Amino acid sequence: MLYEEERKQKIADYVQMNGRASVQQLAQHFQVSESTVRRDLRDLEEEQFLRRTHGGAVALQNDNIEPPFVEKEDRFQQQKLAIARAAAKLIQEGDTILLDSGTTTYHLAKLLKGFQQLTVVTNSVMVAQELASQKNIELMLTGGTLRPETLAMVGPLAERAIESLHVDKAFIATNGIDPGIGLSTPNMIEAAVKNRMVHSAKQVILLADHSKYGRVSFARVAPLSDIDHCIIDDGISVEAVNTIEATGVNVILAPNGGDSL
């Protein structure tokens with residue numbers, strides 16, 4: 001039996017993959033009542049994940065493709081390294097920090113080995129592997145269900161673990177930054193985990209290369225007003241920086257000195 005959020009994610013994925021689906025099709029496929037499907041479709045439409053039609057729903061067109069972790073790691077590598085270095089400067093000895101799953105947060109994890117005392121909470125398999133042997137770091141894993149695309153632990157177990165914590169700083173990754181929509185990512189269940197991270201920290205720091213600006217992905221994570229700092233490479237335009245700062249976010253530019261890969 002699927003949890004409600006898992007069912008909604010799978011319904012949204014089904015509609016996105018097939019372009020459209022009827023209430024009857026969805027009820028039969030997921031073995032739930034048609035009234036449950038109608039309620040889920042109503043909620044998904046309100047959150048702008050699909051559009052309801054008479055007797056069913058159709059997909060919205062947006063940036064929903066999630067490349068594998070290893071593929072994303074090669075993109076804008078110099079920029080991500082610069083962003084990670086700028087992020088490390090915000091960390092102090094003794095801090096408790098949340099590291100989201102992402103290629104830029106993975107680069108940040110590598111820089112944490114120079115600290116003498118840190119507590120790191122993460123849902124990233126790659127971050128956990130990188131820090132597992134560091135005696136100076138108290139490493140905590142959220143648990144949850146593994147998403148092969150991002151190597152992130154997600155789902156109710158991860159969400160409950162994060163909700164039980166209050167950390168000094170959370171470093172969040174995203175697939176899209178839009179002034180109106182806020183932060184977004186292709187997977188709704190992963191978006192829910194990121195949202196819990198945003199609300200479990202005294203300071204929330206977004207790590208993103210400039211290619212993420214102006215993009216809207218499938219699932220909304222949080223509005224920009226929930227973010228304290230956005231560390232982004234200097235490939236972003238002055239106009240975009242001003243737009244982000246107008247939402248109350250402090251933008252930190254990370255000069256990279258390199259070209260995108």
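A few points about this structure:
- Which numbered condition Ile236 fails, given (1) without any contact (Cβ under 8 Å) to a residue 40 or more places away in the chain; (2) over 30 Å from Ala59 (Cα atoms); (3) surrounded by fewer than 19 Cβ atoms within 10 Å (Cβ to Cβ): (3)
- Flag if Glu130 is more than 10 Å from the chain's Cα centre (by Cα), outside any strand (DSSP E or B) and at negative phi: yes
- Of all residues in the stretch 1-42, those satisfying the criterion of being at pLDDT 90 or above and acidic (Asp, Glu) are Glu34, Asp40.
- Among residues of the stretch 213-227, those that are out of contact with any Leu (no Cβ under 6 Å at 6 or more places or on another chain), more than 22 Å from Asp13 (Cα to Cα) and crowded, with 24+ Cβ neighbours inside 10 Å, counted: 0
- Filter pass, Ala158 being at pLDDT 95 or above and either farther than 22 Å from Met188 by Cβ or surrounded by fewer than 16 Cβ atoms within 10 Å (Cβ to Cβ) (or both): no
- Of the helices (runs of 4 or more DSSP H) contained entirely in the stretch 154-261, those carrying at least 3 residues that are within 13 Å of the chain's Cα centre (by Cα) fall at 188-198.
- Filtered by the rule that a residue be touching a helix residue (DSSP H, G or I) at 6+ places or on another chain (Cβ under 6 Å) and without any contact (Cβ under 8 Å) to a residue 60 or more places away in the chain, the stretch 153-173 gives Val154, Ala158, Glu159, Glu163.
- Of the residues in the stretch 101-118, at least one is modelled with pLDDT of 90 or more and either farther than 30 Å from Val167 by Cα or in a strand (DSSP E or B) (or both).
- The listed residues are Gln9, Gln25, Gln31, and the only one of them that is surrounded by 16 or more Cβ atoms within 10 Å (Cβ to Cβ), over 19 Å from Ala219 (Cβ atoms) and not β-branched (Val, Ile, Thr) turns out to be Gln25.
- Some residue of the stretch 135-153 being under 25 Å from Ile83 (Cα atoms), assigned to a helix (DSSP H, G or I) and at pLDDT below 95: no
The values are calculated or read from the model by the stated rules, or taken from the named source; none is laboratory data. Remember, predicted model here, so these are calculated numbers, not experimental data. Positions of Cβ are generated from backbone atoms using ideal geometry, with glycine treated the same way; all protein chains shown enter the neighbour counts.
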